[in-house]
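**Student:** What follows is a single structure, and I will ask about it in a moment.
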Amino acid sequence: QNWTRGMSCWLHSESWLDTGPIYVRENGKLHVVNQGAGGIHNVPPKARPFRLFSRGFSVELCMNREDDRARRQRTDHFIFTYTKEGNLRYSAKSLFSLVLGYISDNVDHIDSLIGFPEQIAEKLFSAAEARQKFTEPVTGLRALQKFTEAYGNLVLCSLCLRNRYLLISEKLEEIKSFRDLTCLDLSCCKLGDEHELLEHLTKEALSSVKRLLLKDNALSDAGLRRMTAPVRVLKKGLENLLVLDLSCNPKITDVGIGYILCFKKLNCLDISGTGLKDVNAVIKRIQTQIGLVHSEVPLKEFDHSNCRTEGWAEQTVLQWEQAVMEAVKPQEDMRSRTAAQHFYGKTRRTEEAVKCKLEETETKASGNLQFYKEKVQNCHSPLKKEVAGSHESKNNKKRALAEQERERTSKQKHLCLTVEDWDLLNTY
């Protein structure tokens with residue numbers, strides 16, 4: 001009785017607090033002491049619902065305080081939510097999501113993914129991508145290679161690296177790991193003839209490339225000779241190429257165009273802004289040997305609007321680019337210093353402007369040199385026209401054969417295998 005009196009007095013003094021139900025254990029039994037029952041002061045019940053925790057209440061489940069990483073992984077097994085009444089509830093994640101998260105955290109330790117279902121592999125790739133596993137220097141490359149070996153063009157079918165030379169230099173090995181690409185845009189990257197990426201284009205891993213854009217890359221005849229050597233001799237490499245852009249490369253001459261004629265499947269070709277000497281002779285060679293016609297109007301295939309990065313690794317390439325841009329940010333503070341240097345070096349600025357104007361005039365002088373393959377005529381055309389045109393086609397074929405024989409004899413002068421060609425072929 002004394003105990004109940006003390007409890008009633010405490011309840012009366014603290015009645016303004018929202019204490020909730022009070023449980024009392026007496027004689028081995030559990031009793032509930034309410035504010036409106038048990039002879040205690042009768043207080044009208046409040047209308048608002050009972051709230052166990054306040055709105056700003058938060059819970060952290062600590063399984064192992066010594067290892068922060070293990071604690072973080074184990075707390076991820078639960079999902080904490082609030083109900084409409086404000087109560088805190090938690091539910092366990094599915095076993096699939098737990099296993100997916102564990103494998104994505106250790107994706108670099110996977111031996112092989114060959115034969116693994118594509119639907120689950122895509123989810124695994126996105127989970128590892130969300131954890132930025134492919135941005136790590138060593139383990140990211142190893143994990144990316146496992147996916148590209150098993151799924152090829154599903155990881156990436158089209159890659160646009162236009163004006164991204166820094167990204168190519170920083171992530172060259174990762175870019176070389178992509179297989180079965182169908183479209184590759186390397187425009188305005190200034191790679192040159194001896195870049196590793198151009199050597200990689202001749203490998204079997206990129207034999208599926210159908211669209212290659214190499215605009216403004218400081219290429220010359222030597223670079224084209226190396227790039228086309230496997231196709232000319234071994235019938236391997238870029239033999240399936242359909243669209244080729246070599247514009248704005250003034251070091252490419254008539255000799256370099258002779259190397260390109262090995263691409264028999266070409267449908268579109270752009271050699272505008274190159275250093276051709278006899279433009280009419282080059283146009284005739286391209287028309288007779290490959291069957292491409294000179295276009296007077298710019299073609300849509302070379303406007304660079306259709307080329308984009310597509311595949312599972314689309315966000316991965318964006319993560320690489322963001323990391324490269326963040327690394328370059330500290331150099332932006334040097335703008336004031338460079339501005340002062342430009343101010344005191346006016347002659348240098350004018351020389352650079354003159355050079356740019358000269359390059360533009362050189363590219364405009366050659367004109368628009370884009371070629372396309374004419375579509376096959378309709379089979380529903382009248383027979384008379386076909387008979388009349390058959391004689392002309394025969395004469396054209398005879399002329400083409402005669403020109404091909406002449407070119408074969410002339411090719412032996414400049415297309416014969418030199419020591420450098422044999423050294424190139426021995427590397428494949």
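The values are calculated or read from the model by the stated rules, or taken from the named source; none is laboratory data. On a predicted model such as this, the values are computed, not experimentally measured, just so you know. Methodologically, a virtual Cβ is constructed for each residue, glycine included, from the backbone with ideal geometry; neighbour enumeration extends over all protein chains shown. Surface accessibility is based on the protein's heavy atoms, side chains included, excluding ligands, DNA and RNA. Shrake-Rupley method; radii C 1.70, N 1.55, O 1.52, S 1.80 Å.
**Student:** Multiplying the sequence separation of residue 119 and residue 204 by 0.36 nm and subtracting their Cα-Cα distance, what value in nm do you get?
**Tutor:** Stretched fully, the residue 119-residue 204 segment lengthens by 27.9 nm.
**Student:** What number comes out for accessible area per residue over the range 90-160 if the probe is 1.4 Å? Units Å², please.
**Tutor:** 53
**Student:** Once phi is turned into θ = phi - 60°, what whole-Hz ³J(HN,Hα) does the Karplus curve with 6.51, -1.76 and 1.60 give for every residue of the range 111-116, x standing for Gly and Pro?
**Tutor:** Result, ordered by residue: 6, 7, 10, 5, x, 7 Hz.
**Student:** How far apart, in nanometres, would the label points at residue 374 and residue 300 be if each is projected 7 angstrom from Cα along the Cα-to-Cβ direction?
**Tutor:** Here the modelled spin labels are 2.2 nm apart.
**Student:** Could you give the accessible area per residue of the range 251-315, probe 1.4 Å, as a whole number in Å²?
**Tutor:** With all protein chains present, the range 251-315 gives 48 Å² per residue.
**Student:** Per-residue counts of other Cβ atoms within 10 Å, averaged by peptide: what ranking do you get for 188-197, 90-99, highest first?
**Tutor:** Per-residue Cβ counts within 10 Å, averaged per peptide and sorted highest first, yield 188-197, 90-99.
**Student:** How high is the relative contact order of the range 184-284, in percent, with contacts defined as C-alpha pairs under 8 Å that are six or more residues apart?
**Tutor:** RCO, the range 184-284: 27 percent.
**Student:** To continue, here is another question. What's the local net charge at residue 312, with K and R +1, D and E -1, over the other residues with C-beta under 9 Å away?
**Tutor:** -3
**Student:** Per residue of the range 144-149, in order, report the coupling 6.51 cos²θ - 1.76 cosθ + 1.60 (Karplus, θ = phi - 60°) as ³J(HN,Hα) in whole Hz, putting x for Gly and Pro.
**Tutor:** In residue order, the calculated couplings are 5, 5, 5, 6, 5, 5 Hz.
**Student:** Moving on to the next point. When the Karplus curve 6.51 cos²θ - 1.76 cosθ + 1.60 is applied with θ = phi - 60°, which whole-Hz ³J(HN,Hα) does each residue of the range 133-142 get, with x for Gly and Pro?
**Tutor:** Per-residue couplings from phi come out as 6, 7, 8, 5, x, 9, 5, x, 5, 5 Hz.
**Student:** Could you tell me the relative contact order of the range 143-238? Use alpha-carbon pairs under 8 Å, at least six residues apart, and round to a whole percent.
**Tutor:** Answer for the range 143-238 is 27 percent.
**Student:** Summing +1 for each Lys or Arg and -1 for each Asp or Glu, what net charge is found among the other residues whose Cβ lies under 11 Å from the Cβ of residue 270?
**Tutor:** Summing Lys/Arg as +1 and Asp/Glu as -1 gives -2.
**Student:** A follow-up question, please. Could you tell me what percent of the accessible area of the range 165-228 is made up of carbon and sulfur, with a 1.4 Å probe and every protein chain present?
**Tutor:** Whole-percent figure for carbon plus sulfur exposure: 45.
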